[in-house]
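The numbers here are math on the coordinates, done by the rules we state, and not lab data. Note that the structure is a prediction, hence the values are computed from the model and not measured. So basically every Cβ, Gly included, is an ideal-geometry build from the backbone, and we count neighbours across all protein chains shown.
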Amino acid sequence: MEVKDIVSALEPKVAELKAQVASEVAALDAKHAATVAQLNEDAQKKGESLVELREKVNSLISSNGKIKASIEAEAFADRQKALKGAMIDIVAENYDKIREMAPFNAMKTVGVMNMTDNLTGTSQISYLDSPQMRSFFNPHLYDVFRIIPTATGNVTFPRATSGIGEGSFGTQTEANAKAQVDYDVTMVNTSLSYIAGYAKVSRQMLQDLPFLQAYLSQSLLEDWNRRVNNSFMSTITASATAGSTSATPVAERVVDYVAQHLALGLGQPNLILTTHAVWASVLKTVPTNGSYSVPGGVVIGPGGETRILGIPLVPHAQIVSGKIYVMNTNMFAIAQASGIAVRSTEFDQDDFIKNLVTYRAEARIGLLSFQPTAAIYGSAS
């Protein structure tokens, strides 16, 4: 129950007492006026002097004043008693509610000071920087392949048609024609697309969280790179050469994939991408016949850095579970019409009116597969 509720409950009683006092005072004033009029009339009949009449009137006024004062004093005393009684009744009826109200509910005994009983609000806060607020994947494939700047978003390059062409070289028989060959060429057209994303944030949040601006830039770049990783791996997988091996240990399977890649004649493979689980299985390979732990050509550094036949075996969080890629990265490249950039503006849509800031990360790029089969796509089992 609040104070305003108590006041509301008392208002009818106060109004009743005021009306009663006003009625009694009004009756006294009417009686006073009638008495004065009668005195005037008697004075005229009796021929009394003005001095005598004034003394009678003054006496009457004095008497009436005492009566009014007595009525008001008595009414005030009665009003106090009535209000006191009303207050007692209200408190008695609403004791539990009143007890829960401040300051009644804030009353406590003297004791040991603590945060719960003696502190209103929050204690002083210390701000600390976080060394790493989220996960970051490495390597970024945007940093693995070479970048070729382009003037436009439409890129064309030649590639030998599958089968190369017709005819073949042969030994000439005297006086006979030499063997004839021809070659087929395909012009590969690639349209570059923007890989982009944006985030909106209030200016108040940027101002009140000092780390947020740098965190937004880092996160936008990381998520952009993750989308690029998925896009590039999908492009590579679509035309990669299927891995072929009958070996069981993972390290042996990788050796077979490297040999298969070399047999394609598409250059020396220089990167093996796989999952962290597959990489760990290579590290945990144990002797099966007592003659070796891992195949020849496998070198493992003290930090787990692994090379198979001189090619780095790199674990990556975005490789499909159980898959292995052996590739020559020189047979691929990134065509880039506009480089990766993080920009901010407060003039997007109604940002200026709402005090918002828009952050955007984007680049117009595409992966070119000069020789798409120059990647072996195999599995660990």
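Just a few scattered comments:
- Our estimate of slack between Leu262 and Gln180, defined as 0.36 nm per intervening residue step minus the Cα-Cα distance, is 26.7 nm.
- Overall form of the range 268-365 per C-alpha gyration tensor (a/c, 1.5; a/b vs b/c): prolate
- Estimated distance in nm for a label pair at Ala341 and Arg360, the labels positioned 7 Å out from Cα along Cα-to-Cβ: 1.0
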